[in-house]
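Before we start, here is the structure in question, set down as structure tokens.
What follows draws every value from the coordinates through simple rules; no lab data is involved. Please read these numbers as outputs of a predicted model, since none were measured by experiment. Neighbour counts run over all protein chains shown; Cβ positions are idealised from the backbone, glycine included.
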Amino acid sequence: MKDIYILGVETTCDETACSIVKNGRELLASVISSQIDIHKPYGGVVPEIASRKHVENIIPVLDQCLAKSNTDPKDIDGVAVSYGPGLVGALLTGIAVAKALAWSWDVPLLGVNHIEGHIFANFLTHKELEPPFIALVVSGGHSHIVLMKDYLQYEIIGKTRDDAAGEAFDKTARVLGLGYPGGPAIDKAAKDGDDQAFDFPKTKFDDRPYDFSFSGIKTAVINRLNTMKMKGESYRVEDVAASFQRAVVDVLVRNTIEAAKACGMKTVCLAGGVSANSLLRKYMKEEGEKAGIKVYYPEPVYCTDNGAMVAATGYYYYINGVYSDLTLNAAPNLRIDRLVKEASL
């Protein structure tokens, strides 16, 4: 059987990334140019700046990726690109480059859902992993519990009704003066804090028990700190960080494990930037073991945005004949709860 080489292009937010993956699971090369230091003074990603930096970085990143993998363009079987969800200006840069490459190399263009990519990152770390399973996708823009029925077939079991978990981390870190990005900063500070020092709310919905809401906890942190300041009371930043982090993780783990039980799944996968959080990994694994559920998560480098996850997903599009044409456009609000051209599978 012929080996399949897929080039993955990722520009949904503030990472410019390209990667080449063989047969969906073997990484040959991955190059990521991060803009964290550029956006740090603003406390978050500035879309216009991100778009301009993608234009500057994409060709050098692509050249480095091809050189690092010792791959000739004639060896590439398909070009995969994240076309949503994400920042529209950022998305358009990656899509334009992917279209040009697919056309000039005469190979299929594979438009990939960015959320899918985060789930497929698990296959790069755990080559034995197969669906079906429950995936918890948690990042700055997304908080989903997804039932992956088979490759390219999904059902959303739960999702956030307001803020994503990563957004709550970023805004809480800003309030605490911990800087950007908030996830790693909160995780680090929490290691020296008391996670029982504050009792922050943990939202639970009766109508959709696996949905999330993180706007309440973010507001609760702000109000609690403002009240303490007005009363002249002191607090340790580390205690607030630890208590906040534990409350968010408790909800993520509770809903995910309950969803897995309800769906009869014995496997849970973590995905997205927040899946690198040390407490989330530890607590999910512990609760999974109690419930007889095996928990997988990617290596940290595959948790944040990267081209490898896009290429890995693109492989399954390729072998199932799910191609995009050159009219592919950015879809900033692209959803995952759809079957991909079921008739072609």
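What's the magnitude of the charge dipole for segment 131-298 around its Cα centre, counting Lys and Arg as +1 and Asp and Glu as -1 at the beta-carbon? Answer in Debye, nearest 20.
Details: 24 positive and 22 negative charges, 19 e Å.
My answer is approximately 100 debye.
What do you get for the angle between helix 114-125 and the principal long axis of the chain? Use alpha-carbon atoms, 0 to 90 degrees, nearest ten.
80 degrees
Please list, or write none, the aspartates and glutamates whose alpha carbon is within less than 20 Å of the alpha carbon of Lys282, excluding same-chain residues fewer than 8 places away.
Asp187, Asp192, Asp194, Asp195, Glu238, Asp239, Asp250, Glu258, Glu299
Compute the Rg to Rh ratio over segment 131-298 from the alpha carbon atoms, using the Kirkwood formula for Rh, and round to two decimal places.
Working: Rg = 16.0 Å, Rh = 16.1 Å.
The Rg/Rh ratio comes out at 0.99.
Here's something else I'd like to know. Please report, to two decimal places, log10 I(q)/I(0) for the chain at q = 0.07 Å⁻¹ as given by the Debye formula with identical point scatterers on the Cα atoms and no solvent.
With no solvent term, the Cα-only Debye profile gives -0.29.
Lysines near Lys53 by alpha-carbon distance under 17 Å, same-chain residues fewer than 8 away left out - which ones?
Lys40
May I pose another question? Note the angle between two axes, namely the Cα long axis of helix 215-230 and the longest principal axis of the Cα atoms of the chain, as a number of degrees from 0 to 90, rounded to the nearest 10.
40 degrees
Let me ask you something else. Is it possible to state the helix-based mean residue ellipticity at 222 nm for the chain, with each DSSP H run of 4+ residues giving -39500 (n - 2.57), the sum divided by total residues, to the nearest 500 deg cm²/dmol? What is it? Write down the numbers at each step before the final one.
On the way: 10 runs with 146 residues, N = 345.
The helix-only estimate for the chain comes to -14000 deg cm²/dmol at 222 nm.
Calculate, for Glu233 and Lys290, the FRET efficiency according to 1/(1 + (r/R0)^6) with r their C-beta to C-beta distance and R0 25 Å; round to the nearest 0.05. If you can, show how the numbers build up before the last one.
Numbers: r = 38 Å, r/R0 = 1.50.
Between Glu233 and Lys290 the formula returns 0.10.
Quick one: helix 307-319 against the long Cα principal axis of the chain, what's the angle to the nearest 10°, folded into 0 to 90?
The helix 307-319 is inclined about 50 degrees to the chain.
Continuing with the same structure: Determine the alpha carbon to alpha carbon distance for each of Lys159/Lys231; Lys204/Lys261; Lys127/Lys202; Lys159/Lys285 and list only those over 26 Å.
Values: Lys159/Lys231 37 Å; Lys204/Lys261 17 Å; Lys127/Lys202 35 Å; Lys159/Lys285 21 Å.
Correct reply: Lys159/Lys231; Lys127/Lys202.
Give me the dipole magnitude in Debye, nearest 20, for the chain about the Cα centre, with unit charges on the beta carbon: positive for Lys and Arg, negative for Asp and Glu. Can you show the working numbers first?
Values: 37 positive and 43 negative charges, 111 e Å.
Using only the charged Cβ atoms, the result is roughly 540 debye.
Per residue, how big is the convex hull of segment 274-328 when only Cα atoms are used? Give it in Å³. Display every interim value, and only then the final one.
Values: hull volume 6.5 nm³, N = 55.
Once divided by residue count, the hull of segment 274-328 is 118 Å³.
Please give every one of the aspartates and glutamates within straight-line cross-link reach of Lys22, meaning a C-alpha to C-alpha distance under 16 Å, and leave out same-chain neighbours fewer than 8 residues apart.
Asp3, Asp72, Asp75, Asp77, Glu128
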